[in-house]
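Here's the structure, in structure tokens; my notes come after.
The values are calculated or read from the model by the stated rules, or taken from the named source; none is laboratory data. Since the structure is predicted, the reported quantities are computational estimates derived from the model, not experimental observations. So basically every Cβ, Gly included, is an ideal-geometry build from the backbone, and we count neighbours across all protein chains shown.
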Amino acid sequence: MRSTLFKNIIRFVLLVILQVLVLNNINLGGYVNPFLYIFFVLMLPFETPGWLLLFSSFFLGLSIDVFTHTPGLHASASVLIAFLRPIIIRAISTNKEFEAGMRPSLFDMGIRWYLLYSIILITIHHIYLFFMEAFSFTNFFATLSQAIMSAAITIGLAYLSQFVFYSRKR
């Protein structure tokens, strides 16, 4: 229990630092902005209580908001995917019971399940985030394409991050 808590705190801090110092400075053609910090929300264990999932997501988004001067934007997008996460997990999961300590990771759930899970949640996050940032439907298709392109890069980074944070051995 303490080991899992410590690992999640370290992951939280590392992802916020990575997002703020590196990824926020990547802007491919003024169009693509990867937001890997949501990897923290995606990888919380299945048995994480709902209140803790929502609270930690809010605090994660708020941490990004503080450094990017976007009051509440990332916090609301993070809480949205934290709220939808259990619904998405139930929708895409088979009748297989989750064992204690299992995570929604590539190695625990398989490539097909993980990609479907991450594609849905990351795309929802990015579409919400970019449209709330624009706060207009004036350039609907430009905003949508920017969200989709950024989501695609973030999905690729989340996939690669599986090999950094997790291994086949438990």
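Since Ala100 meets every condition but one in (1) exposed (fewer than 13 other Cβ atoms within 10 Å of the Cβ); (2) under 22 Å from Leu18 (Cα atoms); (3) hydrophobic (A, V, I, L, M, F, W, C), which condition does it not meet?
It fails just one condition, (2).
So which residues in segment 44-53 are crowded, with 16+ Cβ neighbours inside 10 Å and touching a residue at least 24 places away in the same chain (Cβ under 8 Å), if there are any at all? So that I can check it myself, show each step before the final result.
Kept after step one, since they are crowded, with 16+ Cβ neighbours inside 10 Å, are these residues of segment 44-53: 44-46, 48, 53.
Leu44, Pro45, Phe46, Leu53 - these are the residues of segment 44-53 that are crowded, with 16+ Cβ neighbours inside 10 Å and touching a residue at least 24 places away in the same chain (Cβ under 8 Å).
Looking only at segment 14-43, how many residues end up being free of Cβ contacts under 8 Å to residues at least 12 places away in the same chain, in a loop (DSSP other than H, G, I, E, B) and either surrounded by 16 or more Cβ atoms within 10 Å (Cβ to Cβ) or among the aliphatic types (A, V, I, L, M) (or both)? I'd like the intermediate steps shown before the answer.
Residues of segment 14-43 free of Cβ contacts under 8 Å to residues at least 12 places away in the same chain: 14, 17, 21-22, 25-27, 29-30.
Now narrow it down to the ones that are in a loop (DSSP other than H, G, I, E, B): 22, 26-27, 29-30.
From what's left, either surrounded by 16 or more Cβ atoms within 10 Å (Cβ to Cβ) or among the aliphatic types (A, V, I, L, M) (or both): 22, 26.
Final tally of qualifying residues: 2.
How many residues are of a type outside the set (Lys, Arg) and assigned to a loop (DSSP other than H, G, I, E, B) when one looks only at segment 67-126? Before the answer, list the steps.
Keep residues of segment 67-126 that are of a type outside the set (Lys, Arg), which gives 67-84, 86-89, 91-95, 97-102, 104-111, 113-126.
With assigned to a loop (DSSP other than H, G, I, E, B) added as a condition, the list becomes 69-72, 93-95, 97-102, 104-105, 110.
Of the residues in that region, 16 qualify.
Out of everything in segment 125-162 that is of a type in the set (Phe, Trp, Tyr) and under 16 Å from the mean Cα position of the chain (by Cα), what residue ends up being nearest to Ile111 (Cα to Cα)? Before the answer, list the steps.
First pass over segment 125-162, keeping only residues of a type in the set (Phe, Trp, Tyr): 128, 130-131, 135, 137, 140-141, 159.
The next check asks that each one be under 16 Å from the mean Cα position of the chain (by Cα); those that pass are 128, 130, 159.
Values: Tyr128: 25, Phe130: 27, Tyr159: 9 Å.
Selected residue: Tyr159.
Assess whether Trp51 counts as being of a type outside the set (D, E, K, R), part of a helix (DSSP H, G or I), at pLDDT below 95 and more than 13 Å from the chain's Cα centre (by Cα). Talk me through it step by step, then tell me what you get.
Values: of a type outside the set (D, E, K, R): yes; part of a helix (DSSP H, G or I): yes; at pLDDT below 95: no; more than 13 Å from the chain's Cα centre (by Cα): yes.
For Trp51, the condition - of a type outside the set (D, E, K, R), part of a helix (DSSP H, G or I), at pLDDT below 95 and more than 13 Å from the chain's Cα centre (by Cα) - is not met.
Starting from residues that are modelled with pLDDT under 85 and aliphatic (A, V, I, L, M), keep the ones in segment 77-118 and report whichever is nearest to the chain's Cα centre (by Cα).
Restricting to residues being modelled with pLDDT under 85 and aliphatic (A, V, I, L, M), the top hit is Met102.
Could you check segment 105-147 and list, in sequence order, the residues that are surrounded by 15 or more Cβ atoms within 10 Å (Cβ to Cβ), among the small types (Gly, Ala, Ser) and without any contact (Cβ under 8 Å) to a residue 60 or more places away in the chain?
Within segment 105-147, Ala134, Ala147 meet the criteria.
Anything in segment 61-76 that is within 23 Å of Met149 (Cβ to Cβ) and buried (at least 21 other Cβ atoms within 10 Å of the Cβ)? List them, or say none.
Those that are within 23 Å of Met149 (Cβ to Cβ) and buried (at least 21 other Cβ atoms within 10 Å of the Cβ): Gly61, Ile64, His74.
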